[in-house]
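One structure below.
What follows is calculated from the coordinates using simple rules that are stated; it is not laboratory data. All figures in this text were calculated on a predicted structure; none of them were measured in a lab. With ideal geometry, Cβ positions are generated from the backbone for all residues, glycine too; neighbour counts draw on all protein chains shown.
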Amino acid sequence: MPSANPPGPGADSVDPPVACPVAKEQRPLEEYKQLERSWFFSWPAQGDLTLIRSLAVAWLLLLPLGWVVASGSWSLKDHQLRIGAAAFTLGLGLPLLLLLRQWLGWSYVNRRLVSEKVEYEESGWYDGQVWEKPLAWRQQDLLVARHQVGPVLLRLRQGILWILLLMGVGTGLCQAL
């Protein structure tokens, strides 16, 4: 009969026979796979081009609304270049929010992957259990965090910085014109 307790730190087995009390959908590696399969959260995981294309579509969708909002200003009424700069800047709001939401999801999974313990809900009534990962699970989770999730977080961080930079440039243009 296999032990319900994880093996000690000296265990050599790659796949220890451990009875894991954590439901499959609450395991960090499974949460990573769910994010990777998700339409929305897979954008940064698929590469720079996919992320940029998706954010550009979001920006283009919000650009006309930004133009309408900016053209409603009395002070900008006769300044089409300033309206354009304001619309450009307002349109960046949606891509920024999308990136922030993706950052929150990916950083949550990263924290769970690098953690030595897994917090989980046993009955769905927020009973907050904690289970220590076996060494083999920790090693696998660390590899996934470092080589799969790390580049995604870097790509998201760079995207957020670029959008903030573009918002600053757009705001500066609106003031300068």
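Per-residue ellipticity at 222 nm computed for the chain from its helices equals -20000 deg cm²/dmol, with DSSP H segments shorter than 4 residues left out and the rest contributing -39,500 (n - 2.57). Of SER38, SER123, SER115, the residue with the greatest mean-square motion in the GNM of the chain, using alpha carbon springs below 10 Å, is SER123.
Using Cβ point charges alone (K and R +1, D and E -1), the dipole size of the chain about the Cα centre works out to roughly 720 debye. Annotation: amide H of GLU132 within the under-5 Å range of VAL118, sequence separation 5 or more or interchain, hydrogens built in the peptide plane. I'd like to know which of LEU94, TRP106, VAL118 lies farthest towards the positive end of the charge dipole of the stretch 48-151, counting +1 on Cβ of Lys and Arg and -1 on Cβ of Asp and Glu. Among LEU94, TRP106, VAL118, the one farthest towards the positive end of the dipole of the stretch 48-151 is LEU94.
Which of the helices in the chain meet the span-like rule: DSSP H, Cα axial reach of 27 Å or more, Kyte-Doolittle mean at least 0.0? Helix filter hits for the chain: 48-71, 93-114, 150-176. Within the chain, what's the longest run with no chymotrypsin sites (Phe, Trp or Tyr not before Pro) in a DSSP loop and at most 10 other beta-carbon atoms within 10 Å? Give the range, please. Between exposed loop sites, the widest span is 127-177. Other residues within the sphere of radius under 15 Å centred on the Cβ of ILE52, judged by their own Cβ, net out at +2 (K and R +1, D and E -1).
Normalised by residue count, the stretch 24-176 yields a Cα convex hull volume of 132 Å³ per residue. Here the label points at GLU122 and LEU143, each 7 Å from Cα along the C-beta direction, are separated by 3.2 nm in the simple model. Among the GluC sites (Glu not before Pro) in the stretch 65-151, none sits in a DSSP loop with a Cβ that has at most 10 other Cβ atoms within 10 Å.
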